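Participant: Before I ask anything, here is the structure I am working with.
The values are calculated or read from the model by the stated rules, or taken from the named source; none is laboratory data. Treat the numbers as computed from the prediction; the structure is a model and nothing was measured. Cβ placement follows ideal geometry from the backbone for every residue including glycine, while neighbour counts extend to all protein chains displayed. Heavy atoms of the whole protein, side chains included, go into the accessibility calculation; ligands, DNA and RNA do not. Shrake-Rupley method; radii C 1.70, N 1.55, O 1.52, S 1.80 Å.
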Amino acid sequence: QVRVVESGGGLVPAGGSLRLSCAASVSDSSFSINTMGWYRQAPGKQRELVAGITSGGSTNFAEAVKGRFTISRDNAKATLYLQMNSLKPEDTAVYYCNAAIKRVGESFYHDYWGQGTQVTVSS
């Protein structure tokens, strides 16, 4: 069974910081993870990519968060992080972790999503 679990959300004032974590695990097989990413969805809006990182460490960011957010991963721990600084009210959303995971015996990577963690930035 594959699990992707986010943590670290909360309520912060504008200008504050939060660090999100995402832990991936597979209970019945060895596995590898390719690309991982953070997405967010605000009320009434579509889910959008915030930041992504490859297994080799290459990153990409949405324009709205460049210079404020940092994405990183610990491959040994199968954990993804999102450091969010200088937060703005428009960053308020549910943040979702995505991981492309392939278990032993599988030919392709499959996308898995966490349940989401709420980030609320007050003005």
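Here's the yes/no breakdown for (1) within 18 Å of ARG3 (Cα to Cα); (2) free of Cβ contacts under 8 Å to residues at least 40 places away in the same chain:
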position	(1), (2)
ASN34	yes, no
SER55	no, yes
ARG68	no, yes
ASN85	no, no
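Participant: Condition first: farther than 18 Å from PHE31 by Cα, open to solvent by less than 70 Å² (accessible area, probe 1.4 Å) and not in a strand (DSSP E or B). Now tell me which residues in the stretch 75-92 satisfy that.
Facilitator: Matches in the stretch 75-92: ASN85, SER86, LEU87, PRO89, ASP91, THR92.
Participant: Here's a follow-up. Quick one: would you say ALA14 is closer than 29 Å to SER123 by Cα, surrounded by 13 or more Cβ atoms within 10 Å (Cβ to Cβ) and more than 15 Å from the chain's Cα centre (by Cα)?
Facilitator: Spelling it out, ALA14 is indeed closer than 29 Å to SER123 by Cα, surrounded by 13 or more Cβ atoms within 10 Å (Cβ to Cβ) and more than 15 Å from the chain's Cα centre (by Cα).
Participant: Taking the conditions exactly as written (within 16 Å of the chain's Cα centre (by Cα) and either open to solvent by less than 40 Å² (accessible area, probe 1.4 Å) or at pLDDT 95 or above (or both)), does TYR109 satisfy them or not?
Facilitator: The answer is no for TYR109.
Participant: Quick test for you: out of SER32, SER72, pick the one residue that is polar (S, T, N, Q), in a strand (DSSP E or B) and under 19 Å from LEU18 (Cβ atoms).
Facilitator: Of the residues listed, the single one that is polar (S, T, N, Q), in a strand (DSSP E or B) and under 19 Å from LEU18 (Cβ atoms) is SER72.
Rundown of residues vs (1) open to solvent by 40 Å² or more (accessible area, probe 1.4 Å); (2) in a strand (DSSP E or B); (3) closer than 19 Å to ASP91 by Cα, yes/no style:
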| residue | (1), (2), (3) |
| --- | --- |
| ARG3 | yes, yes, no |
| GLU6 | no, yes, yes |
| LEU20 | no, yes, yes |
| ARG40 | no, yes, yes |
| GLN46 | yes, no, yes |
| GLY56 | yes, no, no |
| ASN60 | yes, yes, yes |
